[in-house]
Each structure stands twice: as C-alpha cells, then as structure tokens.
Amino acid sequence: AEAGTLIDQRAEPADIVATLVDLGVRGYLHVEPVEEDDFLFRRAKPLAGDPTLTPLERTILQKVFGEELSLSQRYLSELRRDSEYVFPPLRDAVYRAMVADRLFPRSPYWVRQGWGWLGVALLFGAGILGVRLDRFSWGWPLPAGLGLSGLVVLAFTRVMPRRTWRGTRLLVKLRGFQEFLERAEKDRLERLPADTLHRWLPWAVALGVAEQWIHRFQGVKTEAPEWLRSGGPFDLGDYGRSLRRFGRLNSDALVAARRGAGGRGGRSGG
C-alpha cells in the first residue's frame, strides 16, 4: 500500500487490495472465489499477537476478521455491508504509516485539504468583497486578485504534498522495479524461482502493472498460487481474470459499504 501511494502521493482502494494480496501470498489468509460476484476470505493462521504484522497490516486484517482477529472466515459480500469496512480509516492508516516511515513529512491528504480550504476561503473572501464593492474605495482589483489567487491555489492543491528525501530515493527504486515488472524478458523469468509470479504480484498490483506482469509469464513454468484457491487446474488467463474481479469487488466494497447486517447472515465463521 505504501509503494502504490508513494508513486502518485494518493492512497487508493487498489493499494489496500495490493496489501490483501500480499498478506495472502505471505500465508496469512486464503481467498476463494465462491460465485461470480463474491469471494471468501479464510484466515490461514492465528493473527492476534503476531509480531511480524505491521500496524497497517493489522488494521486491514481487523477490518476483515474482526477487531480481535477471531473470525475464521468472511465473505466479501458481508464486508460490502459492514460499516467498518470503509476506505477513509484505511486511507488514514496508510498515510500514518508513511509519515512514520519518513516517506512524507505529513499526511498528503491533510496537506491537500489544507490548501483546498485556503483556496475556498480566498474565493469566499473575493465573493464577499465583490458583493460589497460599493462600500470600499479600492474597486474591483482586490476581489478579482483574491478570486484569481483562490483559483491558482485550488489548481495546484493536488501537487502540494511533498515526499521526503528518503521517500524520493525510494521512489526512484520503485520506478525501476515497476519497469522490470512491466518489461521482464521470458528467459530471465525462467531463471527465477517458480513462485516469482505470486511473490511479486502484490507489488505489481500496487504499481498498476499486474496485467502486464502476469502476461510476462505466458509459456513460463509457474506454480499454482497458494493464496487464491479456485479448485481447478491453474490457468494463467483465469488467474488474471480472478485477480481483476477480486480487485474490482474489493474496491467497490470499500467505497460502498453500508451500515447494517451482513449480506450472508450467519455464514461468518467464529
């Protein structure tokens, strides 16, 4: 999630999906497609008290398996209706992690918000002065200047967050890794371990090149994934389609969660 956010300075649901895939690849959970529009999360091992989990990873897992990490399974359709499975708190957790890791001096979200509020305040002030123009001797230049300043501030709000020197150096490495994932030659991939496709897939998801990364393995001997269990023989095309569907449905769930009962009442495992 931090890698995907570092690239464009903006946390997105796809960055959370990348972390879920990473947790699956590392053996914390398994994902099973159960219907055309649903997936089942299964906890693969005890999570409470695991010292290898980062605070961000623990926060994401708590949204899936409960605050105490005690649920053994959960349907994605249930998460879609869960008021706790929403993006804003996860987005804030990503930004907190990046500030703690000294990749940004402060949260990019609040930097953009602060400059946005300043731009709106300038426009509001220009409007007030424009309405009461007849009461002042300076005429239209002042409200026009304030209004133009507000528009300039709003126009540049998106690019106002800045990376630290540490974050900038890491960004250079990530861009290089992104190019490798996108353009790796077949003969080089054949010399890598058989689990390379799955081990680096979370990074490809976060960096926006998952489709290209999977396509590079056409004709390369590849192990079936442990984290995504379809029950049938492994097929690279099906793997890519399942990953896209998993990402789309998760992103939809994060931005469309509603307060209320789960969609498959009673099917979560205690």
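Some observations on this one:
- Helix 165-183 vs. the chain, principal-axis angle (Cα, 0 to 90°, nearest 10): 50 degrees
- Exposed GluC sites (Glu not before Pro) absent: longest stretch of the chain, with sites in DSSP loops and at most 12 other Cβ within 10 Å deemed exposed: 69-184
- Residue of R229, R166, R81 that the Gaussian network model of the chain assigns the largest fluctuation, springs spanning Cα pairs under 10 Å: R166
- Note that region 1-110 presents 41 Å² accessible area per residue, ligands and nucleic acids not counted, probe 1.4 Å.
- For the chain, the longest principal axis of the Cα atoms and the long axis of helix 87-100 meet at an angle of about 90 degrees.
- The eigenvalues of the Cα gyration tensor, multiplied by 5 and square-rooted, give the chain an equivalent ellipsoid with semi-axes of 42, 24, 17 Å from largest to smallest.
- Electrostatic bookkeeping for D187 treats Lys and Arg as +1 and Asp and Glu as -1; over the other residues with beta carbon under 14 Å from its beta carbon, the sum is +4.
- Angle of helix 108-131 to the longest C-alpha principal axis of the chain, folded into 0 to 90 degrees and rounded to 10: 30°.
- Taking T59, T19, T157 as the candidate residues, the one with maximal mean-square fluctuation in a Gaussian network model of the chain, Cα springs under 10 Å, is T157.
- For the chain, carbon and sulfur atoms together expose 54% of the accessible surface, with a 1.4 angstrom probe and every protein chain in place.
- The number of Lys pairs in the chain with C-alpha atoms less than 30 Å apart, excluding pairs fewer than 8 positions apart on the same chain, is 5.
The values are calculated or read from the model by the stated rules, or taken from the named source; none is laboratory data. In this text, all values refer to a predicted model and were calculated from it rather than measured experimentally. For neighbour counting, all protein chains shown are included, and Cβ atoms are generated from backbone atoms with ideal geometry for every residue, glycine included. These accessible areas exclude ligands, DNA and RNA; they are computed on the full protein's heavy atoms, side chains included. Shrake-Rupley method; radii C 1.70, N 1.55, O 1.52, S 1.80 Å.
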